[in-house]
Amino acid sequence: MGRAPFPGTFPMRDEQATARQGGTPGPDTEPRDGEASQALAEVWEGLGRAQKEIDPKYFYDTRGSELFEEITGLEEYYPTRTERALLERWSSPWVEESRPASLVELGAGSARKTRILLDAMRDHGCGRLYVPVDVAHEFLSDTARCIRSEYPDLAVTPAVADITAGLTLPVSPPGPTWYAFLGGTLGNFDVTPATQLLRRVARRMRAADRFLLGADLRPGAHKTAADLVRAYDDADGVTAAFNLNVLTVLNREFGSDFDLDSFTHRAVYREDKGRIEMHLVSERPQIVRFPGAGAVALREGETILTEISCKYDRPSLEAVLAEAGLRVTRWVEDEKGLFALVMTARRR
């Protein structure tokens, strides 16, 4: 929704879950003592801010990943189907043009839309390696297993990696390589972290490599702020369950005692910042305890920011890309201006 971060510092929702390597362990991993202490310190620091925050990487345990997959099929959540249509239209000619041998996907999730790219690579006889990168280890393993069975001639090497800290891959992909960050997940990062992430990828890229981005667009002639809010606050409450699940993860990982019944989900579009924000609203005054750290007091109506999702137009995205050392080679949108596919290369 990636809806992430993913996050001043993490991303996550917009469409995939970003993965991590090194530093804080993922929700589905067994932390070492030092890593657990570091993770607790990071969570504690976020909850100590004037605007309390939880890093959206904690959305993506197995249950959170499953809920996000459900979100992507909702009527209100237009990014998935719109991006899919764009991929179905443009993947084949773009693959034919650059003939990528490898695909490295950041925040792979279930790789449902990725199969459109892999099909095009297979059809043009150029695909040799797929490297899915994600935060949820079990979810990633399931994805890799499915892809191997569907594409027996394709090497599949999954990577649990923290793209917010670095981009270390288990193999050196043969070129040309496409890097992909689909679903608008870049929006989960504020400008500085987004630029840093893009720069890490750009530094790995060779002249013939490409970086494919999905970008959720700002309101325009055929898209309203209300359309954006509905995408993050569906009528069936799936996104609310996804948001509340982050508290379940913290309770499990850190022994905290968040009462999920005392929080409600809220999504708002901040026009001044060009972004969606997801919050958890405290419905009553309460104290939440973290063994080994202390207690957090919340007032009635006080919120915890769990995710941002920045929206772009072409000038704002090109400015971020340029700062990261990338240039746009292809830009396509759907007819309503909801979503864009953006192909980039290293700046000369």
**Item:** Antiparallel bridge percentage (DSSP; both residues within the chain; nearest 5)
**Value:** 65 percent
**Prompt:** If each Cα of region 135-189 is one equal point scatterer, what is log10 of I(q)/I(0) from the Debye formula at q = 0.24 Å⁻¹?
**Reply:** -1.30
**Prompt:** What's the extension gain from Arg347 to Ala225 if we count 0.36 nm per residue and subtract their Cα-Cα distance?
**Reply:** 40.6 nm
**Fill in**
Residues meeting the amide H criterion for Glu105 (H placed from the backbone, H to H distance under 5 Å, 5 or more places apart or on another chain) are Val131, Val133, Ala180
**Request:** Output the Cα-based Rg and Dmax of region 216-348 in Å, rounding Rg to one decimal and Dmax to a whole number.
**Result:** 19.0, 56
**Asked** Which one of His124, Ala36, Gly301 is farthest out on the positive end of the charge dipole of the chain, using unit charges on Cβ (Lys, Arg +1; Asp, Glu -1) and the Cα centre as origin?
**Response** His124
**Prompt:** What does the charge dipole of region 147-282 about its Cα centre add up to, to the nearest 20 debye, if the Cβ of each Lys and Arg holds +1 and the Cβ of each Asp and Glu holds -1?
**Reply:** 840 debye
**Request:** Would you work out which of Val288, Gly64, Tyr179 lies farthest towards the positive end of the dipole of the chain? Charges go on Cβ: Lys and Arg +1, Asp and Glu -1.
**Result:** Tyr179
**Request:** Please list the non-local residues whose amide H lies under 5 Å from the amide H of Val156, H modeled 1.01 Å from N, same-chain partners needing a gap of 5 or more.
**Result:** Tyr130
**Item:** Karplus (6.51, -1.76, 1.60) ³J(HN,Hα), θ = phi - 60°, over region 265-281, in Hz, Gly and Pro reported as x
**Value:** 8, 9, 10, 9, 9, 9, 4, 5, 10, x, 8, 7, 10, 10, 10, 10, 9
**Asked** Highest mean first, what order results for 180-189, 226-235, 338-347 on Cβ atoms within 10 Å?
**Response** 180-189, 338-347, 226-235
**Prompt:** On full extension of the chain, what length is gained from Glu66 through Ser316, given 0.36 nm per residue of separation minus the C-alpha to C-alpha distance?
**Reply:** 86.8 nm
**Prompt:** Expressed in nm to one decimal, what extension gain is obtained for the pair Asp190 and Ala235 from 0.36 nm per residue of sequence separation less their Cα-Cα distance?
**Reply:** 13.4 nm
**Request:** Arrange the peptides 316-325, 141-150, 274-283 so that the one whose residues have, on average, the most other Cβ atoms within 10 Å appears first.
**Result:** 274-283, 316-325, 141-150
**Message:** Within the chain, count lysine pairs with alpha carbon atoms under 21 angstrom apart where the residues are 8 or more positions apart or belong to different chains.
**Reply:** 9
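Quick note: the coordinates plus some simple rules give every number you see, no bench work behind them. Source: prediction; values computed, not measured. FYI the Cβ positions are ideal-geometry reconstructions off the backbone, even for glycines, and counts take in every protein chain you see.
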